[in-house]
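Below: the structure, in structure tokens.
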Amino acid sequence: DGGITQSPKYLFRKEGQNVTLSCEQNLNHDAMYWYRQDPGQGLRLIYYSQIVNDFQKGDIAEGYSVSREKKESFPLTVTSAQKNPTAFYLCASRTGVPNTEAFFGQGTRLTVV
Amino acid sequence: AQSVAQPEDQVNVAEGNPLTVKCTYSVSGNPYLFWYVQYPNRGLQFLLKYITGDNLVKGSYGFEAEFNKSQTSFHLKKPSALVSDSALYFCAVRDLDTGRRALTFGSGTRLQVQP
């Protein structure tokens, strides 16, 4: 069953803790993306990666970090430097062909407690 | 820079009536345009895209969208709405002529179809 898998579905973090959100795809896609969704603000780009071992900052990268050691995996770490991390996080991937659409995972809802 | 505006937070329509969800965009080069739909607590599902060619694009579930270059718009339409179409709709753009290879999304429009 091909697709993008995000885990966990729900995540709770205490103040001052780092947490890592998982994103795995078996679509053989080159590009992967992390978006943050807040009510009324749409999706904002955190980081993206066009190829293994390379990634670029998006519009709201502060307080987040990523790695792309394998083609299939693009984990996102929410660090304690992110002041308002409570949000819905979406991972996406697509092929390297410019006119193709992105496929999204089911999301991880992160709540700071 | 690339940007997308969805001027309506919510659109209400009666079942069986036509629906339109508005989207305007801004890019410095040529746009790729997309519509996605999101159901509660789920990821986004692709509906349709405009790359080049015919300005009227047909997509999934009976949706279509019209690309208008002079008005920089890409409105989503459906001739007859269903209650099951109620969801959050996002318009997105990618500028072909810049180095940014990621989609920029609008703020979303909630579609409510009343029985």
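No lab work stands behind these numbers, since they all come straight from the coordinates. Because the structure is a prediction, the values reported are computed rather than measured. All Cβ positions, glycine included, derive from the backbone under ideal geometry; neighbour counts span all protein chains shown.
Peptide A:101-111 has a mean shielding of 4, counted as Cβ atoms of other protein chains within 10 Å of each residue's Cβ.
Here the Karplus curve 6.51 cos²θ - 1.76 cosθ + 1.60, taken at θ = phi - 60°, turns the phi angles of the range A:52-62 into couplings of 4, 6, 9, 7, 10, 6, x, 7, 9, 6, 4 Hz, with x standing for Gly and Pro. Couplings 3J(HN,Hα) of the range A:68-74, computed from phi: 9, 7, 10, 4, 7, 10, 8 Hz, in residue order, whole Hz [Karplus 6.51 cos²θ - 1.76 cosθ + 1.60, θ = phi - 60°; x for Gly and Pro]. With each label modelled as a point 7 angstrom along the Cα→C-beta vector, the B:ASN12-A:ASP38 pair spans 2.8 nm. Remark: A:VAL52, A:VAL112, B:VAL37 ranked as A:VAL52, A:VAL112, B:VAL37, counting other beta-carbon atoms within 10 Å and listing the fewest first.
Please sort by residue number the GluC sites (Glu not before Pro) in the range A:29-113 whose DSSP state is loop and whose Cβ has at most 11 other Cβ atoms within 10 Å.
Numbers: sites: A:GLU62, A:GLU69, A:GLU72, A:GLU101; in loops: A:GLU62, A:GLU69, A:GLU72, A:GLU101.
Passing both the DSSP loop test and the Cβ count: A:GLU62, A:GLU69.
Restricting to DSSP loop positions (anything but H, G, I, E, B) with no more than 15 other Cβ atoms inside 10 Å of their own Cβ, which trypsin sites (Lys or Arg not before Pro) remain in the range A:13-70? Here the sparse-neighbourhood loop sites are A:LYS14.
What's the local net charge at B:PRO40, with K and R +1, D and E -1, over the other residues with C-beta under 15 Å away? Let's see the in-between values first.
Numbers: positive: A:LYS9, A:ARG109, B:ARG42, B:ARG110; negative: B:ASP85.
Charge balance near B:PRO40 sits at +3.
The alpha-carbon of B:LYS58 sits under 30 angstrom from the alpha-carbons of these lysines, leaving out residues fewer than 8 places away in its chain: B:LYS22, B:LYS49, B:LYS69, B:LYS77, B:LYS78. The length gained on full extension between B:ASN30 and B:THR52, counted as 0.36 nm times the residue separation minus their Cα-Cα distance, comes to 7.0 nm. Annotation for the range B:72-115 versus the range A:61-80: alpha-carbon center distance of 27 Å. Our coupling estimate for the range B:42-51, obtained by passing each phi through the Karplus curve with A = 6.51, B = -1.76, C = 1.60 and θ = phi - 60°, is 10, x, 8, 10, 5, 9, 6, 8, 10, 10 Hz, Gly and Pro reported as x. A cut-off under 11 angstrom between Cβ atoms defines the neighbours of B:ASN30, and their net charge, with Lys, Arg +1 and Asp, Glu -1, is 0. Exposure proxy for A:ILE51, A:ILE60: other Cβ atoms within 10 Å of each Cβ, ordered fewest to most, give A:ILE51, A:ILE60. Taking a Cβ cut-off of under 12 Å around B:PRO79, the surrounding Lys, Arg, Asp and Glu residues balance to a net charge of +1, with basic ones at +1 and acidic ones at -1.
Students often forget the sequence filter, so: which aspartates and glutamates lie under 17 Å Cα-Cα from A:LYS9 once same-chain residues fewer than 8 apart are removed? Leaving aside aspartates and glutamates fewer than 8 places away in the same chain, those within reach of A:LYS9 are A:GLU24, A:ASP38.
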